[in-house]
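If you scroll down you'll find the structure; I have some questions about it.
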Amino acid sequence: MRKIVLFVCNVNRFRSVLSHFLFQDMLIRKDKTVSQEIDVTSAGIVTPERIQKLKAEGIEIQAPLFGRRPPPCVIFYMALIKGLDCSQYRSKALVPALANEVSLIIAVQKDIKDTVLTVYPGLGKKVVSLEELSHTLRFHPLVKEPPGLMPLAEFCMQECDHWYIMKEALLEIEECLEKATDKILDRIS
């Protein structure tokens, strides 16, 4: 039976997409046999309470929340730095069927793990944060989710689009995944 590793962030357009495609590539480079036994994917989770809080703060939430490509900066820098094409990927929500089907859920940060366990308390040991498997992400302070959780699907030149910041985020996630790979494989075996 194939194992499924799922990376989760809020809207599945930045951190979880980077993790998904980087880890998938690492598995292929590490061992083609292992990569054929493991499916890697990603999803997002945003609670209705968070959406209501953002709306109360006057932040417009773009609809639909899921079903969108990663922002152009993610697509561009993944191709430029790693030679990986994530342009056809579409964000998806972490729904009960997916949550129950996967072998391991890796939340990109501890607060996302807490959200997953709040929404799906029965998942228990199936959920871990990337930080627990490696180290706390040290993103540049400008790397944060944009208002409304999602930027428009245009080249937006937000703060995260600056080359050095996006490169830093990508390489930071890659470093965490490199440190975590053996632990991830141990957890799903």
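The values are calculated or read from the model by the stated rules, or taken from the named source; none is laboratory data. Remember, predicted model here, so these are calculated numbers, not experimental data. FYI the Cβ positions are ideal-geometry reconstructions off the backbone, even for glycines, and counts take in every protein chain you see.
Can you pull out the residues in region 1-48 that are free of Cβ contacts under 8 Å to residues at least 24 places away in the same chain and not in a helix (DSSP H, G or I)?
The answer is Met1, Asp31.
Would you tally the residues in region 52-80 being surrounded by 15 or more Cβ atoms within 10 Å (Cβ to Cβ) and among the hydrophobic types (A, V, I, L, M, F, W, C)?
9
Can we say Ser91 is polar (S, T, N, Q) and under 11 Å from the mean Cα position of the chain (by Cα)?
Answer is yes for this residue.
Also, I was wondering about something else. Return the residues of region 105-126 that are modelled with pLDDT under 95 and in a loop (DSSP other than H, G, I, E, B); say none if nothing qualifies.
Val108, Gln109 - these are the residues of region 105-126 that are modelled with pLDDT under 95 and in a loop (DSSP other than H, G, I, E, B).
To continue, here is another question. Within region 62-80, how many residues turn out to be assigned to a loop (DSSP other than H, G, I, E, B) and without any contact (Cβ under 8 Å) to a residue 40 or more places away in the chain?
3
Within region 81-104, take every residue that is in a helix (DSSP H, G or I) and surrounded by 13 or more Cβ atoms within 10 Å (Cβ to Cβ) and give me the one that is modelled with the lowest pLDDT.
Result: Ile81.
Assess whether Ser129 counts as being within 18 Å of Val11 (Cβ to Cβ), of a type in the set (S, T, N, Q), modelled with pLDDT of 95 or more and surrounded by 16 or more Cβ atoms within 10 Å (Cβ to Cβ).
yes
With the structure loaded, tell me whether Val17 is within 18 Å of the chain's Cα centre (by Cα) and under 16 Å from Ile106 (Cβ atoms) or whether it fails that test.
yes
Pick from Phe76, Phe66: which is among the aromatic types (Phe, Trp, Tyr), under 17 Å from the mean Cα position of the chain (by Cα) and at pLDDT below 90?
Phe76
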